[in-house]
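Working notes, beginning with the structure itself.
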2 protein chains.
Amino acid sequence: MPEDREVTIYDIAKYLNLSAATVSRGLNDNPMISKTTRKKIVDAAKSLGYQSNTFASSLRSKQTHTLGVLVPRLNSHFMSSVLAGMEDVANRHGYNLIIAQSLEDVEKEKLNAATMFNKRVDGLLISLSYNTKEITHLDPFFQRKIPVVFFDRVPPHNESTSIVINNFSAAYAITKHLIEQGCSRIMHLGGNVLRNVYQERLNGYQQALRDYNLPFIEQFHLTSTLSEQAGTDAARYILDLPPEERPDAVFSANDTAAVYCMLALKAEGLRIPEDVAFAGFNNDPISRVIEPNLTTIDYPGDIVGNTAATNIINHLKGLSNLYTTNSITLRADLVIRASSLKTNYKN
Amino acid sequence: MPEDREVTIYDIAKYLNLSAATVSRGLNDNPMISKTTRKKIVDAAKSLGYQSNTFASSLRSKQTHTLGVLVPRLNSHFMSSVLAGMEDVANRHGYNLIIAQSLEDVEKEKLNAATMFNKRVDGLLISLSYNTKEITHLDPFFQRKIPVVFFDRVPPHNESTSIVINNFSAAYAITKHLIEQGCSRIMHLGGNVLRNVYQERLNGYQQALRDYNLPFIEQFHLTSTLSEQAGTDAARYILDLPPEERPDAVFSANDTAAVYCMLALKAEGLRIPEDVAFAGFNNDPISRVIEPNLTTIDYPGDIVGNTAATNIINHLKGLSNLYTTNSITLRADLVIRASSLKTNYKN
DNA sequence: TATAAAAATGCAATCGGTTGCGCCTTTCTC
DNA sequence: GAGAAAGGCGCAACCGATTGCATTTTTATA
């Protein structure tokens, strides 16, 4: 017995006195094959230790059962939750994930997109890098009608499906909440407005101010990468203001910046929320560790990943049509915690 | 011009009046082909918009340039850092990552391993699930001599290469540090000792106790999944002890449990580190948010991922031989922070 | 029972690179 | 300048599954 050669459908065919074609069809549950024959084939395959060769299959069928996932960074709580959600769905449906990160660099994003295209992924799930301005590098996918689903950081006016939350209303809700707590000088730590998520959060914040007749103070809008350092810097910025010109609340577009800003302010003796109320975004684990706990928006990564993967797979299986769906908006609730509770407001 | 057919090496061959074989060799930098011809081929490929078909290639060459990564969970800071490190190296060397999670379930681990084997990954990078007892499901890899590299949670007495840190000495160092701070009743929150990492951390802790003539108190060794809940439960356990029987320090095998234990104890008015000193493990972001900041072991996930990927790729490229390397131990330093500083000890 | 219709199976081309082997040129050596 | 060695390239088989179409077998219909 030749230990080292792989078992192929030809071996099964020979073993059962059938043709390779029949075996192939039998293994793929082709209704053209009779039940009895199919069973014999499946049994034989099992007993012979057959493993289908995905290359041969993909070469011919042009299907890879592989999804490409391209994200800015792998190592954030949100993104790893997204991936976990995707992996779960994909795995359940017999799909594999090829994952790559752009490290917030358009060039790397282009390269990775090209690789995935070349690897003939059946679909692409992508969240754009910090400075991606246009998505012409995805044209090959569009041309070949390979489904692309954007999530979180999506391009403006695109025809592909996007999985998002309503960043505008989430930001609106959080700003409204701060206002209702009695805050009137609300600072916003925002990200690059090139990215929809940050633009929309900014818009929601501004709209809430308008609706409550509060002025939008230019110096209270800081743009950064929302890193730890950015949070610390924002604190420095606040501390450098004369006390009477300081904000009485800070709404940060992510939890990291909020938390590091809080830490720095606390270190200088400011009280939270008495002196400055705080709100973040994402519901990162650190938001439940900082004291006081951080009010935030629960942005459920696993559900985002789940939804994105489910939709693209359903499209691939012909169960639905992505091209008719423009965007799917998931709910993202305001989670009120102590960092913003100036009054004895109860949830 | 047939818009829809892919450009193949045959097109290039025809275009240049060469054979497909030469084109193939030329594209693969085969020295058998002259420099001039090679350049012509590469140029033609570019201008014709050629994209190599990886299936055809893999089918024949039996190489996929794909690495399988199998982890317990994707969504922890440590693991996502590991993945980021791996992705970076892999990408740089033209390898892709297929990532799957076992969700701490052996059965899912087996299934995923089988899928990856079937997808013919060139190598497997794996960290075992919480309750994996044996690794016979990896035998197919061993039999076909597909390199397997374990990291973090590695099997005992295995012949494959493992990327680890010295959990024993890290735990020893941290326990020693607590003892030097004057603690003598040190509790240990540990994980399942089936997993090397937890067993070794327990051993290091015990050895330090012995070396300093401190008794190992059975009730001070709690085993759990080290989740947030487990941390909270541990706090409850401590609070339920009569004050004089309580520990004066807690060494947790991860930061999550440590932090949630701290939070719960603080809520009950215990002072840290005065009443109970704390130390964790991993250097998770939350360790720098909790107040006081948590003393911990810096377990650098990105370096682990980087090392694992580099080693397996070098092996695949024939630049080194994994089979001669049994294990690679990375440094993991003690990071002393306020949670354990009872004296005015300076780093 | 003959015949049409339907079901089941086989034939053989195909997907697109890869590679052992052989053939034809150069280049080198004495 | 003859013979050997090296260099450059092509032939054709191959990797293993898929699939349109032809063929055979079975079932249904008259």
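The values are calculated or read from the model by the stated rules, or taken from the named source; none is laboratory data. On a predicted model such as this, the values are computed, not experimentally measured, just so you know. We place every Cβ from the backbone using ideal geometry, glycine too, and count neighbours over all the protein chains shown. The area values use the complete protein model at the heavy-atom level, side chains included, leaving out ligands, DNA and RNA. Shrake-Rupley method; radii C 1.70, N 1.55, O 1.52, S 1.80 Å.
Restricting to the stretch A:19-40, name every residue that is open to solvent by less than 60 Å² (accessible area, probe 1.4 Å) and farther than 30 Å from A:Lys119 by Cβ.
Once the filter is applied, which keeps residues that are open to solvent by less than 60 Å² (accessible area, probe 1.4 Å) and farther than 30 Å from A:Lys119 by Cβ, the stretch A:19-40 yields A:Ser19, A:Thr22, A:Ile33, A:Ser34, A:Thr37, A:Arg38.
Let me spell it out: the conditions are (1) open to solvent by less than 50 Å² (accessible area, probe 1.4 Å); (2) more than 8 Å from DNA strand D (Cβ to nearest atom); (3) closer than 30 Å to A:Pro147 by Cα, and A:Asn75 meets all of them except one. Which number is the exception?
(1)
For the structure I just gave you, tell me whether B:Ile290 is open to solvent by less than 10 Å² (accessible area, probe 1.4 Å), among the aliphatic types (A, V, I, L, M), farther than 18 Å from B:His188 by Cα and in contact with a Leu (Cβ under 9 Å, 6 or more places away or on another chain).
So B:Ile290 passes the test.
Of the conditions (1) out of contact with any helix residue (DSSP H, G or I) (no Cβ under 8 Å at 6 or more places or on another chain); (2) of a type outside the set (S, T, N, Q); (3) within 16 Å of DNA strand D (Cβ to nearest atom), A:Met116 clears all except one; give me its number.
A:Met116 satisfies every listed condition except (3).
Considering each residue of the stretch A:37-53, count those that are assigned to a helix (DSSP H, G or I) and away from DNA strand C (no atom under 12 Å from the Cβ), and give that number.
So the count comes out to 7.
Could you check how many residues of the stretch A:45-64 are farther than 17 Å from A:Arg5 by Cβ, more than 7 Å from DNA strand D (Cβ to nearest atom), open to solvent by 40 Å² or more (accessible area, probe 1.4 Å) and hydroxyl-bearing (Ser, Thr, Tyr)?
Total meeting the criteria: 0.
Any chance the stretch A:13-25 includes a residue that's within 14 Å of chain B (Cβ to nearest Cβ) and either in contact with a Lys or Arg (Cβ under 8 Å, 6 or more places away or on another chain) or within 16 Å of DNA strand C (Cβ to nearest atom) (or both)?
Scanning the stretch A:13-25, I find no residue that is within 14 Å of chain B (Cβ to nearest Cβ) and either in contact with a Lys or Arg (Cβ under 8 Å, 6 or more places away or on another chain) or within 16 Å of DNA strand C (Cβ to nearest atom) (or both), so the answer is no.
Give the residue that is nearest to DNA strand D (Cβ to nearest atom), with candidates limited to residues of the stretch B:7-25 that are part of a loop (DSSP other than H, G, I, E, B) and touching a residue at least 40 places away in the same chain (Cβ under 8 Å).
Checking each candidate, the answer is B:Thr8.
Among the residues of the stretch A:279-286, is any out of contact with any Pro (no Cβ under 9 Å at 6 or more places or on another chain) and outside any loop (DSSP other than H, G, I, E, B)?
yes
State all residues of the stretch A:269-278 that are surrounded by fewer than 19 Cβ atoms within 10 Å (Cβ to Cβ) and either assigned to a helix (DSSP H, G or I) or touching a residue at least 60 places away in the same chain (Cβ under 8 Å) (or both); if no residue qualifies, say none.
Answer for the stretch A:269-278, where residues must be surrounded by fewer than 19 Cβ atoms within 10 Å (Cβ to Cβ) and either assigned to a helix (DSSP H, G or I) or touching a residue at least 60 places away in the same chain (Cβ under 8 Å) (or both): just A:Glu274.
Go through the residues of the stretch B:228-241 one by one and say whether even a single one is of a type outside the set (Phe, Trp, Tyr) and in contact with a His (Cβ under 9 Å, 6 or more places away or on another chain).
No, every residue in the stretch B:228-241 fails to be of a type outside the set (Phe, Trp, Tyr) and in contact with a His (Cβ under 9 Å, 6 or more places away or on another chain).
For residues in the stretch A:107-135 being without any contact (Cβ under 8 Å) to a residue 12 or more places away in the chain and within 12 Å of chain B (Cβ to nearest Cβ), which is farthest from A:Lys145 (Cα to Cα)?
Going through the qualifying residues, I end up with A:Leu111.
Under the condition of being in a loop (DSSP other than H, G, I, E, B) and not polar (S, T, N, Q), which residue from the stretch A:287-302 is nearest to A:Ala332 (Cα to Cα)?
A:Tyr299
Would you mind telling me which numbered condition in (1) within 16 Å of DNA strand C (Cβ to nearest atom); (2) in contact with a His (Cβ under 6 Å, 6 or more places away or on another chain) B:Lys110 fails?
In the conditions (1) within 16 Å of DNA strand C (Cβ to nearest atom); (2) in contact with a His (Cβ under 6 Å, 6 or more places away or on another chain), B:Lys110 misses (1) alone.
Filter the stretch A:66-103 for residues that are more than 9 Å from every other protein chain (Cβ to nearest Cβ) and in a loop (DSSP other than H, G, I, E, B) and give the result.
A:Pro72, A:His93, A:Tyr95, A:Ser102
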